[in-house]
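I have placed the structure first, in the form of structure tokens, so that the comments after it can refer back to it.
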């Protein structure tokens, strides 16, 4: 699902050149100058009104910053590596000051537990960036919405009505249909190098669209799919771009970088698109069905028409949820599958064990069905190990405390941004044996298996507590089904004969630097069963 911590490594103050983050301070020189002058005055004014509480412990340690700007000029190109190194120097809880914003980075399971379990109710809010406000009707979605009754209602409805087993089973035929299209497409390119990363993304995106409103973006609609992808990436780029209005809220009315106006213009395309789809659905009376299947849009519209304030959704909420689902079901899910295939190709013995399991459970002449998935224990372990070593959101979404609180002996100020470095935690030798090795077996041999519920604070790639990702069950089904199908139908070879690289880049998610280019070979005749 988009990550706010990318603000400090986006296209603004820390711009990207050829995939490498580099400083571009001159791009915002004028706004920064104005910000400095204005903030100096307001800081002087605010200090007169603040009464310091001497009885509270000190804030967490961290590197030395500058007045007003804090650490903005010292952030290294790779922000994830920067905060990881600072944690090694200053400890498992550190503080960074970015303008007027306080960022707290947690790299300890025990401290994460204190925040996400012991004090979860205090840390459930979000500090929503300006661009996200415009893109979510003021924060009406699940990701950015403030804690309260409306958030609880929205999460409960989505989890119980859409992400439940009943809701997911209702649109199984849409997933099944798109998987067949993927196999057919790859089968037509047997023996030739293909961009498997692109194929996985397109399949994931089409599966999501099918589940949303029962229509794929194949054929003549492919251009629409590409435009959707480009516009969505542009919107997320605006949302995570370092923004003077976010770092210095007093300057927000001026929109000095134009990010707010750009986000408003960009997001209007999505909601016009959603409205057109919704209007077509209303004219049809009900969504397209395959057997007894219902797509997500049909379920959402039924919730809009209940007339019960406790169970209904407004049209603005439906639009915001649609955007949430598209984001969460594509970027993070696609990235995890790309890393899983990469690691399996780097470890032929692990790949062989997955294939042997698939042959034993499914059989050569049969096709992969979702009822097979609970029995594919080793493939499940592969997915978990992939999420451990390559978490798609390595710092998760930021949590914001509703009050000043003491955690681990340090004072955490109200309205600060709390990030959890799950990338570092899940690679920590204190909790994991040979942590840099890809060993799916570690998830088979433990007495109490680690799961995705966020109750094990050395493994929580989807978060934990009240703000845990609501789409875990859907993501798990898609990842398992796509991976099982790819590995059951085809053998895979690298076009250059070398192991694929594992270089990471933190964009919207922690993705591969280079796409995965491979050659497919049909396994006996089983791929023909998908035609």
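Annotations
- Only residues that are in contact with a strand residue (DSSP E or B) (Cβ under 7 Å, 6 or more places away or on another chain) and either closer than 15 Å to residue 370 by Cβ or not in a helix (DSSP H, G or I) (or both) were counted across segment 168-191, and they come to 3.
- Checked against the criterion of being modelled with pLDDT of 90 or more, surrounded by fewer than 17 Cβ atoms within 10 Å (Cβ to Cβ) and under 21 Å from residue 455 (Cα atoms), the candidates 110, 160 yield just one match: 110.
- Count of residues meeting criterion [closer than 30 Å to residue 88 by Cβ and outside any helix (DSSP H, G or I)] in segment 100-151: 18
- Failed item in (1) out of contact with any helix residue (DSSP H, G or I) (no Cβ under 8 Å at 6 or more places or on another chain); (2) within 18 Å of residue 350 (Cα to Cα); (3) touching a residue at least 40 places away in the same chain (Cβ under 8 Å), with residue 437 passing the rest: (3)
- Flag for residue 396 being within 15 Å of the chain's Cα centre (by Cα), buried (at least 20 other Cβ atoms within 10 Å of the Cβ) and within 30 Å of residue 59 (Cβ to Cβ): yes
- Residue 397 meets all of the listed conditions (1) touching a helix residue (DSSP H, G or I) at 6+ places or on another chain (Cβ under 7 Å); (2) at pLDDT 95 or above but one, namely (2).
- Some residue of segment 57-69 being buried (at least 21 other Cβ atoms within 10 Å of the Cβ), at pLDDT below 95 and under 15 Å from residue 247 (Cβ atoms): no
- Qualifying residue in segment 224-231 (condition: modelled with pLDDT of 75 or more and in contact with a helix residue (DSSP H, G or I) (Cβ under 8 Å, 6 or more places away or on another chain)): yes
- Checked against the criteria, residue 444 does not count as at pLDDT below 95, surrounded by fewer than 16 Cβ atoms within 10 Å (Cβ to Cβ) and touching a strand residue (DSSP E or B) at 6+ places or on another chain (Cβ under 8 Å).
- For segment 403-447, residues that are under 17 Å from residue 126 (Cα atoms) and over 24 Å from the mean Cα position of the chain (by Cα) total 6.
Here's the yes/no breakdown for (1) surrounded by 21 or more Cβ atoms within 10 Å (Cβ to Cβ); (2) within 23 Å of residue 159 (Cβ to Cβ); (3) in contact with a strand residue (DSSP E or B) (Cβ under 6 Å, 6 or more places away or on another chain):
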site: 437; (1), (2), (3): no, no, no
site: 461; (1), (2), (3): yes, yes, no
site: 472; (1), (2), (3): no, yes, no
site: 481; (1), (2), (3): yes, yes, no
site: 496; (1), (2), (3): no, no, no
site: 504; (1), (2), (3): no, no, yes
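- Close contacts from segment 182-204, counting a first residue that is under 14 Å from residue 518 (Cβ atoms) and a second that is assigned to a helix (DSSP H, G or I) and modelled with pLDDT of 90 or more, with Cβ to Cβ under 6 Å and a gap of 6+ residues or different chains, come to 197/338; 200/334; 200/337; 200/338.
- The criterion of at least 3 residues that are at pLDDT 85 or above is met by the following helices (runs of 4 or more DSSP H) wholly inside segment 251-342: 259-284, 315-327.
- Checked against the criterion of being closer than 18 Å to residue 242 by Cβ, modelled with pLDDT under 95 and more than 20 Å from the chain's Cα centre (by Cα), segment 120-129 has no qualifying residue.
- From 427, 466, residue being surrounded by 15 or more Cβ atoms within 10 Å (Cβ to Cβ) and either touching a strand residue (DSSP E or B) at 6+ places or on another chain (Cβ under 8 Å) or within 28 Å of residue 78 (Cβ to Cβ) (or both): 427
- Odd one out for residue 466 among (1) at positive phi; (2) at pLDDT below 95: (1)
- Breaking point among (1) assigned to a helix (DSSP H, G or I); (2) surrounded by fewer than 21 Cβ atoms within 10 Å (Cβ to Cβ); (3) in contact with a helix residue (DSSP H, G or I) (Cβ under 9 Å, 6 or more places away or on another chain), for residue 371: (3)
- When segment 337-365 is filtered for residues that are surrounded by 22 or more Cβ atoms within 10 Å (Cβ to Cβ) and out of contact with any helix residue (DSSP H, G or I) (no Cβ under 6 Å at 6 or more places or on another chain), the ones remaining, listed by number, are 341, 342.
- Residue in segment 146-153 that is buried (at least 17 other Cβ atoms within 10 Å of the Cβ) and either closer than 25 Å to residue 468 by Cβ or modelled with pLDDT under 90 (or both) present: yes
- Residue check, residue 134 over 25 Å from residue 420 (Cα atoms), touching a residue at least 24 places away in the same chain (Cβ under 8 Å) and in contact with a helix residue (DSSP H, G or I) (Cβ under 6 Å, 6 or more places away or on another chain): yes
The values are calculated or read from the model by the stated rules, or taken from the named source; none is laboratory data. For clarity, every value in this text was computed on a predicted model and none was experimentally measured. So basically every Cβ, Gly included, is an ideal-geometry build from the backbone, and we count neighbours across all protein chains shown.
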